[in-house]
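In what follows, a structure is listed as C-alpha cells, so that the remarks can point back to it.
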Amino acid sequence: MNARHCHICSWASRDGVELPGWCPRCRGRCIADVADLPELYRTLGAVMEPGAAGDDVKVGGSRTPPLPFRMDPANLRGPATAGALPGPDQHGALSIATALWTTRQAIREVCDLPAENTGWRRGHGPGRTEDRIAADTKFVLAWLDRFAERARPDELQAVVEVIGETRRRAWNTCGYSAHKVCLGPCPADLGQGQTCGEELWIDPVLADSVTCRACHTRWDRRYFLWLRRMAGPEGEAAS
Ligand SMILES: [Zn+2]
Ligand SMILES: [Zn+2]
C-alpha cells in the first residue's frame, strides 16, 4: 500500500514521494533478516551438538555457564507448525521454518498466487531440511517487494516482526554477540535524509572491513574508530 510514510517505522518521505509500503531502511533490514536465516539455521545445528559448539561458535557469554539443555536452538530448528500462526498474543516464539512458512503463506494470499506457484501442496507441511529453508528463503526474497506494495499495514508489520524477531533470537542463540564487537549504527546515507542505522558487528580479530548487512556499504578498517566514536556511549553499550 503506497503512502508517504513507512508502515513500519513511520518515517515520512520528503516532497510527497510515495513509498512502496516501507522505507529503504526497513526494506533493507527485512531483506537482510530473511537472507540470514539459512545460515543461522545451519549454525544452530552446530550449537545443538554437544561439544561441537566450541569450534567455531561460542555459546553465550564467557561468564555464564552453558545451560544443561538449550531450549532455544531446538525450538528455532523445529519443524514448521501451521498451528503457530502469529497472532496478537504471540511474539517471537516461532521456529525458523515456521517464520518462513507463515511469511510464504502471507505472500501467497496477498499477492493472489495460486498454490501451485508456491510449490506448496495441501496436506504436505513444509519440511525442516536445509533445502526447504533455502527454498522458502528464495521464494520470500523473490516476492517480498510485491508483497510490501500490496499488503495492508498490519500484514506488512506482522511479517517484518516475525522475520525480525526470529532472526534476532537465532543470532543471539548462536552466540554471535558474545564474540563480535558492535561498531555502532551504519551512518550510510540512504537518500532523502535517511541514514541506514543498522548495527555494524565485526570480529575484532579477523575483520579488515565490515559490509553493512542492510545497505551493503563496505566500511574499511580505518573507519572503525570513527564509527565507534560516532556511536558514542550508546554504541559502546549496544551489545
Ligand atoms: Zn521504515
Ligand atoms: Zn547500512
Scanning the range 152-183 for residues that are surrounded by fewer than 19 Cβ atoms within 10 Å (Cβ to Cβ) and polar (S, T, N, Q), the one farthest from Asp33 (Cα to Cα) turns out to be Ser177
Going through the range 204-223 one residue at a time, which ones are surrounded by fewer than 16 Cβ atoms within 10 Å (Cβ to Cβ) and either of a type outside the set (Gly, Ala, Ser) or on the phi > 0 side of the Ramachandran plot (or both)? Pro204, Val205, Leu206, Asp208, Thr211, His216, Arg218, Asp220, Arg221, Arg222
For the range 10-35, enumerate the residues that are closer than 19 Å to Thr102 by Cα and near ligand 1 (Cβ under 9 Å from one of its atoms). Arg27, Arg29
How many residues does the range 11-30 contain that are more than 16 Å from ligand 2 (Cβ to nearest atom) and of a type in the set (A, V, I, L, M, F, W, C)? 3
Looking only at the range 148-204, which residues are within 13 Å of ligand 1 (Cβ to nearest atom) and hydrophobic (A, V, I, L, M, F, W, C)? Ala148, Leu156, Val160, Leu190, Cys196
Among (1) surrounded by 14 or more Cβ atoms within 10 Å (Cβ to Cβ); (2) at pLDDT below 90; (3) under 22 Å from the mean Cα position of the chain (by Cα), which single condition is Leu144 missing? (2)
Tell me which of these Cys186 doesn't satisfy, since it passes every other one: (1) at pLDDT below 90; (2) buried (at least 19 other Cβ atoms within 10 Å of the Cβ). (1)
For Ala115, indicate whether it is within 19 Å of the chain's Cα centre (by Cα), among the hydrophobic types (A, V, I, L, M, F, W, C) and modelled with pLDDT of 60 or more. no
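The values are calculated or read from the model by the stated rules, or taken from the named source; none is laboratory data. This one's a predicted model, so the numbers in the text were calculated from it and none came from an experiment. Methodologically, a virtual Cβ is constructed for each residue, glycine included, from the backbone with ideal geometry; neighbour enumeration extends over all protein chains shown.
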